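What follows is calculated from the coordinates using simple rules that are stated; it is not laboratory data. Bear in mind the structure is a predicted one, so any value in this text is a computation, not a measurement. Cβ coordinates were reconstructed from backbone atoms using ideal geometry, including for glycine residues, and neighbour counts include every protein chain displayed.
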Amino acid sequence: RKEVEQDPGPFNVPEGATVAFNCTYSNSASQSFFWYRQDCRKEPKLLMSVYSSGNEDGRFTAQLNRASQYISLLIRDSKLSDSATYLCVVNTNNQGGKLIFGQGTELSVKP
Amino acid sequence: DVKVTQSSRYLVKRTGEKVFLECVQDMDHENMFWYRQDPGLGLRLIYFSYDVKMKEKGDIPEGYSVSREKKERFSLILESASTNQTSMYLCASSRQVNTEAFFGQGTRLTVV
């Protein structure tokens with residue numbers, strides 16, 4: 001089983017749609033969680049950190065469920081510019097701070 | 001702004017050559033990472049370092065070594081390049097454990 005698993009997609013949605021990405025992780029000792037965005041042929045960039053209480057940044061909402069070892073990202077009112085690959089990232093302290101990436105979920109927002 | 005700089009955007013090397021990929025960060029970060037990214041496989045960790053002269057193997061260290069002689073610089077070395085090491089290589093740094101990582105622009109390496 002992979003340490004961090006995501007549905008690879010692609011997700012094809014119309015502008016204005018709401019889309020949700022899910023991610024599961026296998027190590028219950030994982031301490032910190034992030035969502036990154038990667039545009040085609042570019043490096044990954046931090047979208048948002050994920051906190052236990054959940055957090056929101058404009059149209060983006062991230063949730064963490066430690067009991068189910070599950071992370072989610074919700075994008076409301078999708079824009080064309082949201083088209084990218086979204087990467088779920090998990091950090092486990094007992095592995096010396098190793099950042100483990102999911103495979104990524106590809107999103108394509110159409111007019 | 002954090003800046004992570006990789007020495008080359010594109011590199012073509014011959015099989016058997018020794019290859020050096022350099023990465024420099026300017027924010028005094030403790031941790032540095034080398035990943036490779038391949039279609040369908042995502043980002044896979046090769047090596048990481050949490051302090052000068054310290055290194056830890058990631059998930060796919062075979063065929064690679066690293067060097068961290070100074071805090072700001074983390075080098076990835078392919079001892080004898082092979083065609084299956086053709087990939088996008090990404091360097092990253094983070095301030096400390098549990099903080100987000102910042103990436104360089106990547107080096108697309110082709111081994112012929």
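Below, the figures for the structure above:
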| read-out | value |
| --- | --- |
| Sparse-neighbour loop sites [chymotrypsin sites (Phe, Trp or Tyr not before Pro); segment A:36-108; at most 15 other C-beta within 10 Å; DSSP] | A:TYR51 |
| Gain upon complete extension [B:LYS13, B:ARG95; 0.36 nm per residue less C-alpha separation] | 26.3 nm |
| Förster radius 45 Å - calculated FRET efficiency between A:GLU15 and B:ASP38, Cβ distance, rounded to 0.05 | 0.90 |
| For the protein assembly as shown, alpha-carbon Rg and Dmax in angstrom | 17.5, 52 |
| Whether segment B:7-72 is rounded, prolate or oblate, judged on the alpha carbon gyration tensor where a/c under 1.5 counts as rounded | prolate |
| Debye, to nearest 20: dipole size of segment A:1-84, +1 on Lys, Arg Cβ, -1 on Asp, Glu Cβ | 140 debye |
| Furthest towards positive pole of dipole, B:ALA101, B:LEU45, B:MET27, structure part chain B, Cβ charges | B:LEU45 |
| Partners for A:LYS110 among aspartates and glutamates (Cα-Cα distance below 19 Å; same-chain residues under 8 apart left out) | A:GLU15, A:ASP39, A:ASP77, A:ASP82 |
| Lysine pairs in chain B with Cα atoms under 25 Å, if 8 or more residues apart or on separate chains | 17 |
| Approximate spin-label separation A:ASP39-B:MET54, in nm, with each point projected 7 Å along Cα-to-Cβ | 3.6 nm |
| Unpartnered cysteines - no second Cys beta carbon under 4.7 Å - across the protein assembly as shown | A:CYS40 |
| Contact order normalised by residue count of chain B, Cα under 8 Å, 6+ apart, percent | 36 percent |
| DSSP-loop GluC sites (Glu not before Pro) across segment A:1-79, with at most 16 other Cβ within 10 angstrom | A:GLU15 |
| Whole-Å semi-axes of the ellipsoid equivalent to chain A (Cα gyration tensor, √5λ, descending) | 24, 14, 12 |
| Viscosity 1.306 mPa s, 10 °C: Kirkwood-radius Stokes-Einstein D of chain B over Cα pairs, µm²/s | 115 µm²/s |
| Segment A:45-111 - percent relative contact order, Cα under 8 Å, separation 6 or more | 22 percent |
| Tensor-based shape of segment A:32-92 (alpha-carbon gyration tensor, a/c under 1.5 rounded, otherwise prolate or oblate) | oblate |
| Inter-site label distance for B:GLN105 and B:MET88 at 7 Å from Cα along Cβ, in nm | 1.4 nm |
| Segment B:1-79, dipole about Cα centre (Lys/Arg Cβ +1, Asp/Glu Cβ -1), debye to the nearest 20 | 260 debye |
| FRET efficiency, A:ASN27 to B:ASP28 (Cβ-Cβ, R0 30 Å, nearest 0.05) | 0.55 |
| Mean-position separation - Cα centroids, segment A:43-106 and segment B:1-58, in angstrom | 22 Å |
| Cα→Cβ-extended label distance, 7 Å offset, between B:LYS3 and B:SER65, nm | 3.1 nm |
| Net lengthening on full extension, A:GLU5/A:ARG59 (0.36 nm per residue, minus Cα-Cα) | 17.1 nm |
